[in-house]
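Remarks on the structure that follows.
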Amino acid sequence: MKFIILLGMGLLLGGVIYISEEFVSKGNNSEQRVVESKGRQKSTACISCHGLAGEGHVQGAPILAGQIRDYLIVAMQSYADGRRKHDLMQSFVSGLSDEDMQDLADFYSSQKRRLR
Ligand code: HEC
């Protein structure tokens, strides 16, 4: 009898843990989707060279997918303020706000990196 009660409690506890984990992971996913879609919308100007999901496209345009988020932000800031010299990239990022750069970096860093 004791065993059955213990078993029941174990199952109950397991169920609670399972359900709460479901909630947590669902929460994260939807948050990530919002981040993704904000960054994705802002990335339309970048697609022609960096590809739909940052996979790199035109020769010389680096892969952005799966790159470290903060690295991407620093790279964009550097083109904007001239620490990195590249006329094309400067013109594409100089109009971006800090928030735009963060959204773009969130988007590209969360994309799966694929080799070309
Ligand atoms: C006309 C083509 C073109 C477009 C459009 C373009 N890029 Fe680039 N991007 C490049 C090239 C080429 C480089 C490499 C430049 C260099 O040698 O420094 C680059 C480099 C970068 C880097 C640095 C990557 C690294 O590994 O260091 C980032 C970040 C980046 N681009 C983001 C963007 C974003 C965000 C947009 C859209 C707002 C964009 N680019 C639009 C061509 C483009």
Taking the condition of being without any contact (Cβ under 8 Å) to a residue 60 or more places away in the chain, under 17 Å from GLU55 (Cβ atoms) and over 12 Å from the mean Cα position of the chain (by Cα), how many residues in region 76-116 meet it?
2
Give me the residue from region 69-86 that is at negative phi and more than 10 Å from the ligand (Cβ to nearest atom) and, out of that set, surrounded by the most Cβ atoms within 10 Å (Cβ to Cβ).
ALA80
Restricting to region 64-116, give me the number of residues that are assigned to a loop (DSSP other than H, G, I, E, B) and either of a type in the set (Lys, Arg) or in contact with a His (Cβ under 8 Å, 6 or more places away or on another chain) (or both).
8
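Each value in this text was obtained by applying a stated rule to the coordinates, not by laboratory testing. If you're wondering where the values come from, they're calculated on a predicted model, not measured in any experiment. FYI the Cβ positions are ideal-geometry reconstructions off the backbone, even for glycines, and counts take in every protein chain you see.
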